[in-house]
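The values are calculated or read from the model by the stated rules, or taken from the named source; none is laboratory data. Not measured: the values here are computed from a predicted model. We place every Cβ from the backbone using ideal geometry, glycine too, and count neighbours over all the protein chains shown. Ligands, DNA and RNA are excluded from the accessible area calculation, which covers all protein heavy atoms including side chains. Shrake-Rupley method; radii C 1.70, N 1.55, O 1.52, S 1.80 Å.
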Amino acid sequence: MTISFYDLSKMTRTARDQLLKRSEANLADFEEKAKPIVFAVKNEGDEAVARFARQFDKAPVEASALAATEADFARAEKTLDPKVKDALEYMAVNIRRFHEDQKPEEMWFHEIRPGVFAGDRTNAIPSVACYIPRGKGAFPSSVLMQSIPAKVAGVKEICIITPPGPDGSLDDATLVAARMAGVPKVFKAGGAQGIAAVAYGTQTIPKCAKVVGPGSPWVGAAKRLCSHLIDVGTPAGPSELIVLADDTADGRLAALDVIIESEHGPDSSAFLVTWSRKVAEDALAAIPEFWKQMGAQRVGYSSTVLGGPMGGIVLARDEEEAIAFCNDYAPEHLGVHSDEPFQYLGRLENAGEILLGRHTPPTLGNFTIGVNHVLPTSGWAKTGSPLTVHDFMKRTSVAYVTGKAYPEQAKHAEVIARYEGFDGHANAVSETRARLLRTNR
């Protein structure tokens with residue numbers, strides 16, 4: 001198995017730009033296929049959700065059994081490995097602490113000019129559905145990452161939608177994590193049918209104001225089709241990572257980390273970017289050795305990524321060229337390997353998360369530190385942010401003008417209203433209002 005190697009000093013601009021591309025699915029094709037699924041759920045509700053679970057998930061699911069029961073939660077608590085439960089509890093504490101610190105104040109109100117007050121009031125959105133994928137495994141960590149910030153924000157109605165397993169059951173760790181997060185509503189509803197269910201609402205599954213969480217192209221297509229009904233948030237594509245390593249880095253540690261996101265799937269992206277040829281060569285030698293410690297499926301994914309056009313080793317002329325490449329790429333995860341990683345932080349502008357130093361591998365960011373692992377992909381880190389408590393809250397502008405401050409405000413507002421041709425606006429702050437205000441004294 002070969003590993004791709006790119007020398008930026010020998011690449012044309014076009015070839016360099018090719019490295020910035022991601023393997024995004026053509027959602028237009030999936031939208032056409034997802035339309036009848038969405039319409040069926042709209043018209044038939046639970047029956048359609050269950051039918052598609054049987055068709056696509058090959059799971060024996062009935063319309064009367066879409067919701068997790070108390071017996072399901074009790075079974076999960078009893079059968080889940082205690083070590084897994086302990087790890088989830090450790091995660092939950094850190095995620096809750098991080099997002100509580102992130103929560104904005106309920107309201108601020110400042111005097112903009114004498115007698116003119118303005119501010120923001122922040123409160124929670126009414127409801128949210130957390131989509132937890134299951135295509136390549138079970139992801140209880142995503143349950144905590146999505147639902148805990150929603151609880152911290154104060155969302156009253158939270159539910160989890162996730163595909164059922166082949167036997168029609170829900171994943172034990174997913175149920176335990178849901179209970180830890182304080183979310184009692186978990187539904188067997190994956191794929192396009194799950195998104196449609198929370199967009200329209202069914203007999204069992206509630207209509208929600210927003211849906212968060214990554215998923216398959218079917219999920220992405222359904223989100224597009226339902227975006228006029230439900231807030232679908234920032235698009236989430238395949239996993240991606242850049243490990244930026246300077247000449248003080250250990251190439252073997254850099255290799256260990258670059259494998260992390262490459263094992264998610266063959267459509268992932270993962271690069272080691274360095275201006276040290278020694279670090280690059282040490283990483284090239286170490287990656288095959290680390291593959292020997294992994295299962296065949298994950299090696300297959302990782303070798304496809306690191307040996308293809310969306311992964312491998314990138315050798316830059318110097319640190320400026322390396323940092324410029326990272327900023328142009330705007331990766332989901334950006335790890336910095338250096339004896340002094342903070343020296344680069346001010347110049348790294350575009351990334352979903354920045355993980356500093358050899359003791360902060362992406363694994364910790366994904367699971368235990370407390371920062372959110374639902375991150376912008378496909379270059380959206382140039383304008384987007386990680387999932388945060390803010391995604392479950394909204395701001396309302398609040399203003400108050402005193403009687404003493406009103407005349408000055410009205411004078412300038414009337415001028416602009418007249419200029420823009422809004423007679424009603426202008427009349428509302430004209431002498432007409434002033435006369436009426438005088439009669440109300």
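Quick one: order M310, M1, M145 from most to least accessible surface, probe 1.4 Å.
Details: M310 35, M1 150, M145 0 Å².
Ranking M310, M1, M145 by accessible area, largest first, yields M1, M310, M145.
Please state the shape class of segment 103-176: rounded when a/c is under 1.5, otherwise prolate if a/b exceeds b/c and oblate if not, all from the C-alpha gyration tensor.
Verdict is prolate for segment 103-176.
What dipole magnitude, in Debye to the nearest 20, does segment 197-299 give about its Cα centre under +1 on Lys/Arg Cβ and -1 on Asp/Glu Cβ?
In debye, rounded to 20, segment 197-299 gives about 620.
Express as a percent, rounded to the nearest 5, the fraction of DSSP beta bridges in the chain (both residues included) that run antiparallel.
30 percent
Under a GNM of the chain (C-alpha, springs under 10 Å), which listed residue has the highest mean-square fluctuation: A74, A236, A410?
A410
Taking a threshold of 25 Å on the Cα-Cα distance, which of the pairs K223/K382; K21/K207; K151/K394; K58/K210; K21/K278; K10/K382 fall above it? Spell out each step's value before the answer.
Numbers: K223/K382 22 Å; K21/K207 36 Å; K151/K394 14 Å; K58/K210 28 Å; K21/K278 27 Å; K10/K382 27 Å.
Correct reply: K21/K207; K58/K210; K21/K278; K10/K382.
Nothing charged except the Cβ atoms of Lys and Arg (+1) and of Asp and Glu (-1): what's the magnitude of the dipole of segment 314-441 about its Cα centre? Round to the nearest 20 debye. Don't skip to the end; give the middle numbers.
Values: 13 positive and 16 negative charges, 262 e Å.
Using only the charged Cβ atoms, the result is roughly 1260 debye.
With all protein chains present and a 1.4 Å probe, how do W291, W108 order by accessible area, largest first?
In descending accessible area the options line up as W108, W291.
So, by mean Cβ neighbours within 10 angstrom, what's the order for 227-234, 383-390 with the highest one leading?
By packing density, highest mean first, the sequence is 383-390, 227-234.
Name the shape class, rounded, prolate or oblate, that the alpha-carbon gyration tensor gives for the chain, where a ≥ b ≥ c are the square roots of its eigenvalues, rounded holds for a/c under 1.5, and otherwise prolate holds if a/b is larger than b/c and oblate otherwise.
oblate
Could you tell me which residue out of M180, A150, P140 lies farthest along the dipole of segment 128-193 toward its positive end? Charges go on the beta carbon: Lys and Arg +1, Asp and Glu -1, centred on the Cα centre.
In segment 128-193, that residue is A150.
Write down the accessible area per residue of the chain in Å², having rolled a 1.4 Å probe over the full set of protein chains. Intermediate values should be presented prior to the final figure.
On the way: 21160 Å² over 441 residues.
That works out to 48 Å² per residue.
Once you sort the root eigenvalues of the Cα gyration tensor of segment 400-441 as a ≥ b ≥ c, which label holds: rounded (a/c under 1.5), prolate (a/b larger than b/c) or oblate (the other case)?
oblate
Mind ranking D267, D247, D72 by accessible surface for me, highest first, 1.4 Å probe?
Largest to smallest exposure gives the sequence D247, D267, D72.
If I compute solvent accessible area with a 1.4 Å probe over the protein chains, what percent of it on the chain is carbon and sulfur?
So the carbon and sulfur contribution to the accessible surface is 54 percent.
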